Structure formats: C-alpha cells, structure tokens
C-alpha cells in the first residue's frame, strides 16, 4: 500500500496495490499494521458507516467537538471530492484545507484524524461511501463548519448548486465554530 502525505499534519491518502486479471481484481482495503505504522496511531475502529448520495449532494463539513472521530474514508461506488479542514488551534495548518478525489476506480482511502472537519461532494450520478470511525457517533457533540466559509476558501468542483442538509446550510464559519484547543 502506498501512503501519500496530504500537506495537513496527520491526514494521509492510502493507495492500495490492486491485482487484476481476466477474473476481476483483489486488493487489501485495510491492514491494521500498515495503517498504524503510517498514521502513527494506536487506535481501534469501533464503527463502520455506509452512505449513499446522489449527484451534487454535499455533506459536511462535520466533526464532533467531544468524543472526536478519526475517519478512514473510501468510496465503493461512484466518485466524490472529499475535503478536510484542520480545526486544531495549536496546529500550524489550523484553518487550512485539503481535498482529493476518492472513487471506486482509484480505490484511494483518506485518513482524517480527530480534530478535523470532514465533508464531500458527489461528482457521479450516485456515490456510496464507507468509513471506519475511532469513536461512536454522538449527535449531541456533532458540529458543522460552513461548507463555503470564505475564510477557508475550499475550491469545491461544483457544476450546479449543491444539495445540502439544513444542518449544513446552518454551519458556523471558522471564526465562530468550536475548535480543538489541544492536539
């Protein structure tokens, strides 16, 4: 598995080695020893999530202020533009973002450590995203960072107005959102 640094401390892209022949393909989608060594973490995943969304759906930018979740994200059908924002105030990349395309074709995975807001925009007709989390979903601690905060400036590859949930249109700008005070 090839591991690519993202430019944000701790955020990694995992690119699997895919073995293909006339029968189809095989690859290791997760390997604990490789993940722990690359991510320099000693955490267990406690929950797997699977979502399906239509073209132009933008979900995010979400995080949990208490009981934060690290997420290992991959797309099993379709294609998304996946974005993360560093919300760790002591970090040299606080308020910075990175984005990458995840798809069923490129089979890449994105490791989003605790302390980051995460979201994605569906680029294909539909997309199915699966992700592992390091803590359980706790809706009372969920927060939304405004997806189009001009102070962050994420360059979403929009070809039409995004389809948003109410909580995402009501997200807070970085200047007003709760952030992580320690790394």
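Each value in this text was obtained by applying a stated rule to the coordinates, not by laboratory testing. Remember, predicted model here, so these are calculated numbers, not experimental data. With ideal geometry, Cβ positions are generated from the backbone for all residues, glycine too; neighbour counts draw on all protein chains shown.
A few comments on the model shown:
- Here is the size of the chain from its Cα atoms: Rg then Dmax, 15.9, 54 Å.
- Contour minus Cα-Cα distance for residue 19 and residue 1 (0.36 nm per residue): 5.3 nm
- Look at the alpha carbon pairs under 8 Å that are at least 6 residues apart: their mean separation over the length of the chain gives a relative contact order of 29 percent.
- Secondary-structure-derived ellipticity at 222 nm for the chain, considering helices only, amounts to -1500 deg cm²/dmol, per-run term -39500 (n - 2.57) for DSSP H runs with n ≥ 4.
- Values of log10 I(q)/I(0), in the order q = 0.13, 0.18, 0.23 Å⁻¹, for region 9-117 under a Debye, Cα-only, solvent-free model: -0.54, -1.02, -1.52
- Cα-projected label distance for residue 77 with residue 29, points at 7 Å along beta-carbon direction, nm: 1.3 nm
- Sorted into 10 angstrom bins from 0, the C-alpha pair distances of region 87-176 split as 12, 44, 39, 5 percent.
- Look at 181, 28 and count the other Cβ atoms within 10 Å of each Cβ; fewest to most, that gives 181, 28.
- Label-to-label distance, residue 56 versus residue 181, with points set 7 angstrom from Cα along the beta-carbon direction: 4.3 nm.
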